[in-house]
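K.L.:
To start, I am sharing the structure in question, which I have written as structure tokens.
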């Protein structure tokens, strides 16, 4: 009885437990169904939103294929109105697998949701972020629309259109994520966002012999850019503050503060402070200074546990830097010697004195030297023959004791070389004096050169020791790898953001610029992120702990261990959501295609049909020709349309009489063929710069660039027409038939436009070089800049479409540098008229050229260095003492020098020039290049 009673009680309890379990299961299923309905509604809303954007998308992309994602290529994020900041940050976080898993698997129970109604905005944002991440994983769209998540954030920022700061948005985003995950966490230390992004540092302050410590938490660590050259210097500056003297004590006491990282987060983010307020101009300005950062940084030297070792090495570094400063100061004295405002290298000065002393003495006063023999110069004095130059490194043994022949420099001298005066020389010097001077100068110059070499060697040795000071194995145990770089292009008040993100799986850098995603390289990242070259620079650096592989490990199947890709990596509910959105997208594409077909013009349809049928027709015609041989000439009745074979031309349909076509028309086609062959052979020949065959005939240009055969034949036929045969009915029939055979489209017009542009580029280059030769740098720069830009367009279609780009770049750079130096001298003079002239040169020539160069992705290193030199020069002017009026003028055009996107700057069009015959153009180019290079001809491809 007792046993049966116990069994009854156990059965009752078991039945109750089963009922409770079923009820909980029913509640869970109901909760899942509710969430699924919400996701379906969100998918419909997202599809409708994308549909509303269709008209806008059509203006950017011409076909549905441009909307569709290609294979597993990353998905972009649409810019829905100044939201590039959102795209840059979200892409950086999404492509961190550990963070992506946390977001996709975020889930709150019904009980927690009931308790946390006050956090509804954060929960709504997390739901939108989950949906956005799910679409970025498995969508068939090339890009997704983030409007729902962005609208929630904009409400928090209390703005609708203003462009947000990446730093401000990142802080707000981390706060929301931390709050959202805190709802399911027991305490703050178990919050996944805190564990992933937050660390701690300890602040130690020495005051009156005591050390005070304070531990603080940090998420994104701010770093100053001004005054530092690389990321390690920024961190050193942020960790150590300079000691100061206490003002609240009777005796002198020093105090200072140091920061040390106590605990580093797995994801370490640095904010680079690139904005500062200019008190003189009363507005914020962007700091364009160059700041380098590595792909891997070792954080050991900044950890509190290594404080003693780091202190010891910092002391050594301080001593070595002091020694290095002394050595560099000594070397500077050798490089810039003299007591006046203008200084020169000491070794060169000794060499110049040596050359003066060894120049042949003259007893005639310079004012009385009329040089009667100048009218008949000897061959040895001709500028094209006198090529032997004295070596600047050789000593007096290589210097002739006779009168030196003057060297003609066409761009620094305006007169003929025979009018140039001789070099200065002593009026009289004895052999004994000359020997004494030569001996002393040779010995002094040798001593100076030895001292300079010793200083350089010592500087190099100290520099290497400094670079390796923290390379010891004990300080290379905490590596952090660069994961993402957020770049800002523009000025302080406006600009554009994009991100470079490292693809850990494929070991490559990717560029994420809204909906545009392209493969990149470390070199491109350096160019856009370091700063100092253009108005683009890194604004935020995201490093990850290289010792934690789970940060970048993709999801794997629990049973097979294989990596999950696409929809397989999503939770079931999100997978259904993405599948539903993909179905909507396919429906969108079908509607678009249907709408496009309805709006297509009948002419467009017939044209497209003709192009589709043409290959089939040609294939049938070839097949018939293979089966049946067509006779050379067929007998036709009068006015009968039939096929006629023209020698060396081919078969065409013509209307002919019984006699076929007459001999004059046949000779016409024979000449046509001969000219065609001649031009083709000419295009294959190696020509000299004086006879660039492309300038002689358009067909040579077409042949070298492999233009379609129909375009070549039509062009030659139009240019080869004999008007004397225009009365012949059969000639007109054949001509019209050939013209019909070579139906041309917009492609033909593009080829002819390219050729005209090629000749224009050549004329601009030639005119620019001639102005350069005559010292007209401003006019030369305008012509050369236009030649460079137009030539870049041509070269984008083929390497033989234009001229050698490096030739244009060399002389554009020389003109730009010379003009900038001229503008600087005029501006520094302080005279109102000269200052205005200098500002005009900057505004009309230098700044427009800089803006065009800053947007050239293929710019050479020499051009980039020239740009950086120009910008650095004007930045240095800010620290100089000058009148307030000059300071104001400098403040007006300096931002335009530094920032290529500050405002639209247009380089004025060059004056129209006459397009001469090909022979004249080549001869002029040969002449100007011979003059520039004395005797050397530079080949123009």
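Bear in mind that the values in this text are calculations on the coordinates, not laboratory data. Every value quoted in this text rests on a predicted model; they were computed, and no experiment measured them. Ideal geometry is used to build each Cβ from the backbone, glycine not excepted, and the neighbour counts take in all protein chains shown.
K.L.:
Scattering from the C-alpha atoms of segment 478-572 alone, worked out with Debye: what is log10 I(q)/I(0) at q = 0.12, 0.25 1/Å?
P.N.:
-0.51, -1.28
K.L.:
Could I ask something else about it? Based on the Cβ-Cβ distance from residue 353 to residue 908, what FRET efficiency comes out when R0 is 51 Å, to the nearest 0.05?
P.N.:
Details: r = 48 Å, r/R0 = 0.93.
Once the sixth-power term is evaluated, E becomes 0.60.
K.L.:
In what sequence do 876, 476 fall when counting other Cβ within 10 Å, fewest first?
P.N.:
Neighbour counts put them in this order, fewest first: 876, 476.
K.L.:
Relative to the compact-globule scaling 2.2 N^0.38 Å, provide the ratio for the alpha-carbon radius of gyration of segment 748-932.
P.N.:
Details: Rg = 17.8 Å, N = 185, 2.2 N^0.38 = 16.0 Å.
Rg over 2.2 N^0.38 Å, computed on Cα atoms: 1.11.
K.L.:
What's the FRET efficiency of residue 213 with residue 877 using the Cβ-Cβ distance as r and R₀ = 45 Å, to the nearest 0.05?
P.N.:
On the way: r = 45 Å, r/R0 = 1.01.
It comes to 0.50.
K.L.:
Listed highest first by mean packing, meaning other Cβ atoms within 10 Å per residue, what order do 801-811, 333-343, 560-570 come in?
P.N.:
Working: 801-811: 20.2, 333-343: 10.6, 560-570: 13.5.
In descending order of packing, they fall as 801-811, 560-570, 333-343.
K.L.:
Rg and Dmax of segment 469-523, using alpha carbons, in Å: what are they?
P.N.:
Cα radius of gyration and Dmax of segment 469-523 are 15.6, 45 Å respectively.
K.L.:
Order the peptides 129-137, 447-455 from the highest to the lowest mean number of other Cβ atoms within 10 Å of their residues.
P.N.:
Details: 129-137: 23.6, 447-455: 14.3.
Output ranking for 129-137, 447-455: 129-137, 447-455.
K.L.:
In addition: What FRET efficiency would be calculated for the residue pair residue 583, residue 114, taking the C-beta separation as r and a Förster radius of 22 Å, to the nearest 0.05? Please list the in-between numbers first.
P.N.:
Numbers: r = 34 Å, r/R0 = 1.52.
Once the sixth-power term is evaluated, E becomes 0.05.
K.L.:
For the residue pair residue 325 and residue 204, what label-to-label distance in nm results when each label sits 7 Å from Cα along the Cα-to-beta-carbon direction?
P.N.:
About 2.4 nm, to one decimal.
K.L.:
Starting from the 7 Å offset along Cα-to-Cβ, what nm value, one decimal, do you get for the label separation of residue 832 and residue 927?
P.N.:
4.5 nm
K.L.:
Something else now. If you build the Cα gyration tensor of segment 66-145 and take the root of 5 times each eigenvalue, what three semi-axes come out, in whole angstrom, biggest first? Don't skip to the answer; put the middle values down first.
P.N.:
Numbers: eigenvalues 140, 42, 25 Å².
They are 26, 15, 11 Å, listed largest first.
K.L.:
For the residue pair residue 548 and residue 670, what label-to-label distance in nm results when each label sits 7 Å from Cα along the Cα-to-beta-carbon direction?
P.N.:
According to this spin-label approximation, the distance is 8.7 nm.
K.L.:
At 0.36 nm per residue, minus the direct Cα-Cα distance, what do residue 435 and residue 189 gain on full extension? Give it in nm, one decimal, please.
P.N.:
Values: separation 246, 0.36 × 246 = 88.56 nm, distance 8.53 nm.
Separation in residues times 0.36 nm, less the Cα-Cα distance, equals 80.0 nm.
K.L.:
With Kirkwood's inverse mean 1/r over C-alpha pairs for Rh, give me the Rg to Rh ratio of segment 424-494, two decimals please. Don't jump to the answer; show the numbers that get you there.
P.N.:
Numbers: Rg = 27.4 Å, Rh = 19.0 Å.
Ratio of gyration radius to Kirkwood radius: 1.45.
K.L.:
Here's something else I'd like to know. Relative to 2.2 N^0.38 Å, what does the C-alpha radius of gyration of segment 829-894 come to as a ratio? Two decimals please. Could you put the intermediate results ahead of the total?
P.N.:
On the way: Rg = 13.4 Å, N = 66, 2.2 N^0.38 = 10.8 Å.
Normalised by 2.2 N^0.38 Å, the Cα Rg of segment 829-894 equals 1.24.
K.L.:
For a quick protection proxy, order the peptides 695-704, 823-832 by their average other-Cβ count within 10 Å, most packed first. List each step's numbers first, then the result.
P.N.:
On the way: 695-704: 21.8, 823-832: 16.0.
So the order, starting with the most tightly packed, is 695-704, 823-832.
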